[in-house]
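The values are calculated or read from the model by the stated rules, or taken from the named source; none is laboratory data. It should be emphasised that the depicted structure is a prediction, and the values quoted were computed from it without experimental measurement. Quick reminder, even Gly has a Cβ in these numbers, built from the backbone with ideal geometry, and neighbours come from all protein chains shown.
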Amino acid sequence: MFNLIKYELRGKFLTMLGICLAVIMGNIFLMTQLTSGGMGVLALSTFIGAFALVVICISTLSLMSDYLYDDQGYLLFTLPQSGVSIISSRLITAVIQISIVAIVSLLMFCIIDQGRILNAILQGAEIRDILLSILMYLWTIVSALTFIYFCMVVGKITLKGKKIGKIGSFIIFFLLSGVRNWLSVINSNFFPKILNFDSLTAFSTSFSINIGNTIFDIVTFAILFMATSYLLEHKVDL
């Protein structure tokens, strides 16, 4: 699996490097051409970072699409790799790529802002808050990509043809998203228990989670992960 991760990172290295350089150059342009520290500059820097994250997310999805529909798949699925190894390497690689772009974007934003907003957020923050934020960040990426990968694999299996399969995956994604949201609402009604988290940062923010929905999301993730692994290993016909 680790060799597969290195292979995937090496294959997308230039893409990741290009996105990071674009973020750096875009923010340098903002610092040299506009009044540094203004809200407009910060908003533009945020936009650049958000756009870069969208691009790298699309890049991570395109690699899975290449595995399913292009010649890369013939090489991958002839290797002695299990479905679990394939999907795990995809998720780990995606987390690394997205995190690198996110860190570069955040650093450039902090340089423009001179660290004021970051210091305000971290001031008085407990380790619990930081760890919980990191955990939520990782969970958001992994759970979302697992769901999308499942839809892509199902689209590949059920609909023959490259164009039809990709369009079908898009439709399956929206249909299953609706079903999952509907089940989540029903689940929250049956299990309304709420767990509140209070933050001690300067912004005094807090958030809450529904315990029933959290368990539902974890179980759903486990099912989708195992189903995607099984389908990749036994059902995908190149």
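So here's what we get for this one:
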quantity: Residues of the stretch 46-93 classified as at pLDDT 90 or above, over 18 Å from residue 142 (Cβ atoms) and surrounded by 19 or more Cβ atoms within 10 Å (Cβ to Cβ), total; calculated: 3
quantity: Residue 159 surrounded by 14 or more Cβ atoms within 10 Å (Cβ to Cβ) and either farther than 14 Å from residue 94 by Cβ or modelled with pLDDT of 90 or more (or both); calculated: yes
quantity: Residue among 103, 117, 167 that is assigned to a helix (DSSP H, G or I) and at pLDDT 90 or above; calculated: 103
quantity: Which numbered condition residue 31 misses (of (1) loosely packed, with under 14 Cβ neighbours inside 10 Å; (2) at pLDDT 80 or above; (3) not basic (Lys, Arg)); calculated: (1)
quantity: Considering residues of the stretch 120-136 that are touching a residue at least 60 places away in the same chain (Cβ under 8 Å) and assigned to a helix (DSSP H, G or I) only, the residue nearest to the chain's Cα centre (by Cα); calculated: 132
quantity: Cβ pairs under 6 Å, 6+ apart, first in the stretch 150-172 and under 17 Å from residue 229 (Cβ atoms), second modelled with pLDDT under 85 and β-branched (Val, Ile, Thr); calculated: none
quantity: Lone unmet requirement of (1) of a type in the set (S, T, N, Q); (2) at pLDDT 85 or above; (3) within 26 Å of residue 132 (Cβ to Cβ) for residue 199; calculated: (2)
quantity: Any chance residue 204 is at pLDDT below 80 and either in contact with a strand residue (DSSP E or B) (Cβ under 6 Å, 6 or more places away or on another chain) or part of a helix (DSSP H, G or I) (or both); calculated: no
quantity: Failed criterion for residue 188 (all others in (1) within 24 Å of the chain's Cα centre (by Cα); (2) at pLDDT 75 or above; (3) of a type in the set (Ser, Thr, Tyr) hold); calculated: (1)
quantity: Checklist (1) modelled with pLDDT of 85 or more; (2) over 21 Å from residue 69 (Cα atoms) applied to residue 231, failing item; calculated: (2)
